[in-house]
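The values are calculated or read from the model by the stated rules, or taken from the named source; none is laboratory data. Please read these numbers as outputs of a predicted model, since none were measured by experiment. Side chains are part of the model used for accessible areas, which takes the heavy atoms of the whole protein and leaves out ligands, DNA and RNA. Shrake-Rupley method; radii C 1.70, N 1.55, O 1.52, S 1.80 Å.
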Amino acid sequence: MHELLVPFAAPIAAEPIFAPSMIATAAGSPSIIELFLEAGLMAKLVFGVLLIMSVVSWAIMFSKWMQLRRADRDGEAFLDIFRRSKRFSEVNEAARRLDGTPMVGLFQAGYAEVDAQVKAGRGAAGEADVFRVKSLTGVERSLRRAINVEISRLARGNAFLATTASAAPFIGLFGTVWGIMVAFNDIGVTGSTSLSAVAPGIAEALVNTAAGLAAAIPALVGYNTFSARLRLLRADMQDFVLEFMNLTERNFT
């Protein structure tokens, strides 16, 4: 019985997965940013809108952070003076240098109403030493109205943050859809589905998607943070109204 001999095949040299020519091509290929810079007018317009919204949002957030930081600092100093002073006129003098806190606006509104009622009462009674308010309800209304004024002032800019947070992803999505349309159009024109043919359109889509998220996420975080801070400030101002009314009732009725 003859033994069947199978000749061994010569070993096939394994080809490298990434040939040097492929690496050189990848290394010399344009980046996504370079491809985007070659994109059409619509993609650049969408990106420009998102960039402006992002820059304005960051400017608002920095301004609000500084404003609320000063409000906290001045608020602590003002409340300390308000609780230690025995006369509203002394507090009014100190309030002029601590105008960063909304408490000053509340106090000045309440003090103006108390002063007007006291002067009216003194004139009606014909006595110089009469210090009485005729209507505590009127004083409280002045303070409540001042709360709304101060909250509106502090909330200025929050609407833009909310708009950016809600609209920027959809603007970016529009840029994404437009980039995909450009990619399909390039396929139809060139008749090729290679990466080089669709790269500009894909670059438009990717950059605008990222820009939309980059504008929306910080604006959303900033809006929620400042809204929560404003709610706390409103609660502090309502407590101050009660404190002011107690002092007014104790000293002017």
Task: Matching entry among 167, 120, 124 (being at pLDDT 90 or above and of a type outside the set (Val, Ile, Thr)) - done: 167
TODO: Within segment 148-189, track down each residue that is open to solvent by 40 Å² or more (accessible area, probe 1.4 Å), within 22 Å of residue 50 (Cα to Cα) and among the hydrophobic types (A, V, I, L, M, F, W, C).
DONE: 159, 160, 170, 171, 173, 174, 177, 178, 180, 181
